[in-house]
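**Q** Take a look at the following structure, please.
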């Protein structure tokens, strides 16, 4: 980190992504039947992917992307473009799988990076990630 202001900005962006990951967990916890039957739930899933993609795009300098190699940055950007601009091609089974599997992995990677780079200890109190066991 180049300065304290930069680290707070990165921490805020990561907190926002983790908050969206928490919403993702809430959506997934409602089950596959609810996902299939509830259009509003599917739209909420789209919004979560859009928010994660936007926030990842705001914080991902080339150096930071290299520092967190476990994150599929290009896939995150492509998913955001899909839900925001090419929404008529969304496969909702794939979107739900992304919310159920990929988003929690992203959250775990970002938390590991944050804990290491921003000096948080493993026992530090978490202000986000509710519902993900993060």
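FYI, it's all coordinate maths here, none of it is from the lab. All values derive from a computational prediction rather than experimental measurement. In this analysis, Cβ positions are derived from the backbone assuming ideal geometry, glycine residues included, and neighbour counts consider all displayed protein chains.
**Q** With the structure loaded, tell me whether residue 103 is touching a helix residue (DSSP H, G or I) at 6+ places or on another chain (Cβ under 6 Å), crowded, with 18+ Cβ neighbours inside 10 Å and assigned to a loop (DSSP other than H, G, I, E, B) or whether it fails that test.
**A** Against the criterion (touching a helix residue (DSSP H, G or I) at 6+ places or on another chain (Cβ under 6 Å), crowded, with 18+ Cβ neighbours inside 10 Å and assigned to a loop (DSSP other than H, G, I, E, B)), residue 103 does not qualify.
**Q** Of the residues in the stretch 69-98, how many are outside any helix (DSSP H, G or I) and crowded, with 18+ Cβ neighbours inside 10 Å?
**A** Within the stretch 69-98, residues that are outside any helix (DSSP H, G or I) and crowded, with 18+ Cβ neighbours inside 10 Å number 1.
**Q** Shifting gears a bit: Inside the stretch 39-48, can you point out the residues that are in contact with a helix residue (DSSP H, G or I) (Cβ under 9 Å, 6 or more places away or on another chain) and either closer than 12 Å to residue 92 by Cα or loosely packed, with under 13 Cβ neighbours inside 10 Å (or both)?
**A** Across the stretch 39-48, the qualifying residues are 41, 42, 44, 45, 46.
**Q** Restricting attention to the stretch 98-108, which residues are more than 10 Å from the chain's Cα centre (by Cα) and farther than 15 Å from residue 47 by Cα?
**A** 101
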